[in-house]
Amino acid sequence: MTQKAAPPKHAWSSATLDSDKTDLTRVVDEASTTTSSAAALFLPVEEAERLVESLECVGVAGVGSKAYLKYFNNLQTLNLSAHSHAQSKTDEYILEAVSTFEKLPVVIENMLAVEAWRTRVLPSLKPKGLAANNCMRSYFTLYSEGVAVNLLELALYHRHQLAECSETLDLVDYVVRQITGLCVPLAQNEMLKHCKKPLSAAEQGELIMNRSKEDELKDHEFQIRFSASLSCLTLLRYFTEHFEALPLHAQTRLLDTHDVLVLIVPLVENPPWSRRNGDDWEKWEEGKWGKVEKGDLLKLSKIEGQVWLAVYHLTCTQACREKYPLSEFRKSQILRLRKYLNDIIVDQLPVLADVRRYLDELALMSVPGVNAPAPMLEVAPLKSKIDRECTASVADEQWEEVWSKLTDKDDEDIRALTDVYSQDGIEEVFGEKPVFELNGLPVREVQVTFPGGECAFEIKPKDLKKGVESETERGTFKRYKLSLKSKLEATLDSSCDITATVSFESDINHTCTVASPLELPDSGDKTWHQIGAVTEMCVVQLGLEKMGAGGAWS
């Protein structure tokens, strides 16, 4: 008799479910609860409120202008600080300021303006030479759309923010447009073909070196759209979770006009967040592709968790079911999800047991053949306004007033944005390890470990001044002479591994560890063995000798 293996832990939530709680899908999202040991990017309350008050609508004609980049600078500063607050579980006064000053509609309107600029104005600017002279300015303009979605992910986690938002109809339409772009089959989807194509490090380097400015701008556009579209899946989950907070017209738009439950089906069947790279599988996580071991393929990622939670709310909550009449077509589409609800998935997200039961019952039900079509469709006010602004002259006017007068090398507005990305703790907010500069730091000790013992080396002060610089493919290295600090003789053989840990004199006690298998020559009494490599940014060379004539190596 064997013990049943424990289900794999899911990566997108640390929530536990309690049968006594009425809200079984109250998920502790990483965006709102991840702890961080690093110092948070805290703005003073007065400064945060000043930046929130400064957010204003710019319109399609103003996208990419000096005023717009100033808006983007402030928006990104607030976005990074708000994420830092959420990670450190501190007072989210930035989100409260956005609510108090009613700036969420401003963020949504400018986001829609950038979308319209991307689809209707940018194609007319490219032939004029936009990419050649203004690639960075264009990139940040496009990137601002993703930043707005990112901030909305934080804000709409809270039910009251969605209830107070006056532009929910436009926001629902926007989210569905982005998700629809993920549903287009790969063969006809240029964005997915570009973003899901795996490249080796060498191929990626060659691509970056040889691509034109036009191709670089196109790459940026696809990557930003892809990332923002996947983030919209989180917003969709919030719409379904806080469904009763939506106004009636937004509820109808979500369930009837867009039929988001049916829209989700092709995403589950052909997930855009996973791809094949040779014999390996990769999933999109934390804004980049990461390798997934074959044994973890059924482990739910954060994105997959959001999608399945949306399915749960759409199928198993009374508010959604009452407003979602079934038909034969809807039934046939929804039942395509049943085969993906295996025990491993349900063990990770227990509320999916209710979805599985619902689908089993649905398979036995009789439903009407067709649904009565909606007699009228309400116009989204912001989208209608922005469409009217997108006249044929916008591209020509922008080119004359903004793009033709600047180049990346003399663009002061781009330089001003560097302050946002140079703050302390910025790496932790982006989920990256801080870059540590080893150049110039003195070595405190080198600890060499091998089977049977270890020994320590140091660099004496007189030898520290005699470091010899060597040029390598990874830059300039310094070579120092090591002196034994503590000696231990031990027998070595070619089957053992040797590890060297280099400790540097710094405030955070930084260390660098390299390892390699030992290779001993068949002849000779002395030899050198290298641990590490230039590509690992650290190299240690050890001198080995035999103990007596014909003896063992030590």
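Give the number of residues within segment 171-194 that are modelled with pLDDT of 95 or more, farther than 20 Å from V121 by Cα and not hydrophobic (A, V, I, L, M, F, W, C).
Result for segment 171-194: 2.
Among (1) among the aliphatic types (A, V, I, L, M); (2) in a helix (DSSP H, G or I); (3) over 22 Å from the mean Cα position of the chain (by Cα), which single condition is A310 missing?
It is condition (3) that A310 fails.
Matching residues to (1) within 30 Å of D396 (Cβ to Cβ); (2) of a type outside the set (D, E, K, R):
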| site | (1), (2) |
| --- | --- |
| E49 | no, no |
| L55 | yes, yes |
| A61 | yes, yes |
| A82 | no, yes |
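Pairs under 9 Å by beta carbon, first residue without any contact (Cβ under 8 Å) to a residue 60 or more places away in the chain and surrounded by fewer than 18 Cβ atoms within 10 Å (Cβ to Cβ) in segment 119-139, partner assigned to a helix (DSSP H, G or I) and among the hydroxyl-bearing types (S, T, Y), six or more apart or different chains?
So the pair list comes out as G129/S404.
Only one of L377, L337 is touching a residue at least 60 places away in the same chain (Cβ under 8 Å), part of a loop (DSSP other than H, G, I, E, B) and of a type in the set (A, V, I, L, M, F, W, C). Can you tell me which?
L377
For the subset of segment 456-479 comprising residues that are closer than 17 Å to V446 by Cβ and acidic (D, E), which member is modelled with the highest pLDDT?
E458
Taking into account only those residues within segment 236-285 that are among the basic types (K, R) and within 24 Å of the chain's Cα centre (by Cα), which is surrounded by the most Cβ atoms within 10 Å (Cβ to Cβ)?
R237
I'm trying to understand the selection: among the residues of segment 313-334, which are within 18 Å of R357 (Cβ to Cβ) and outside any helix (DSSP H, G or I)?
Matches in segment 313-334: T317, Y324, L326.
Let me confirm something: among E293, E322, which residue is surrounded by fewer than 18 Cβ atoms within 10 Å (Cβ to Cβ), over 22 Å from P350 (Cα atoms) and more than 20 Å from the chain's Cα centre (by Cα)?
E322 is the lone residue from the list that is surrounded by fewer than 18 Cβ atoms within 10 Å (Cβ to Cβ), over 22 Å from P350 (Cα atoms) and more than 20 Å from the chain's Cα centre (by Cα).
Here is a list of conditions, (1) within 26 Å of R415 (Cα to Cα); (2) hydrophobic (A, V, I, L, M, F, W, C); (3) touching a Ser or Thr at 6+ places or on another chain (Cβ under 6 Å), and L182 meets all of them except one; can you say which number that is?
(1)
Can you say whether S81 is small (G, A, S), out of contact with any strand residue (DSSP E or B) (no Cβ under 8 Å at 6 or more places or on another chain) and within 28 Å of H158 (Cα to Cα), as far as the supplied structure shows?
For S81, the condition - small (G, A, S), out of contact with any strand residue (DSSP E or B) (no Cβ under 8 Å at 6 or more places or on another chain) and within 28 Å of H158 (Cα to Cα) - is met.
The values are calculated or read from the model by the stated rules, or taken from the named source; none is laboratory data. As the structure is a prediction and not an experimental result, all values here were calculated from the model. Quick reminder, even Gly has a Cβ in these numbers, built from the backbone with ideal geometry, and neighbours come from all protein chains shown.
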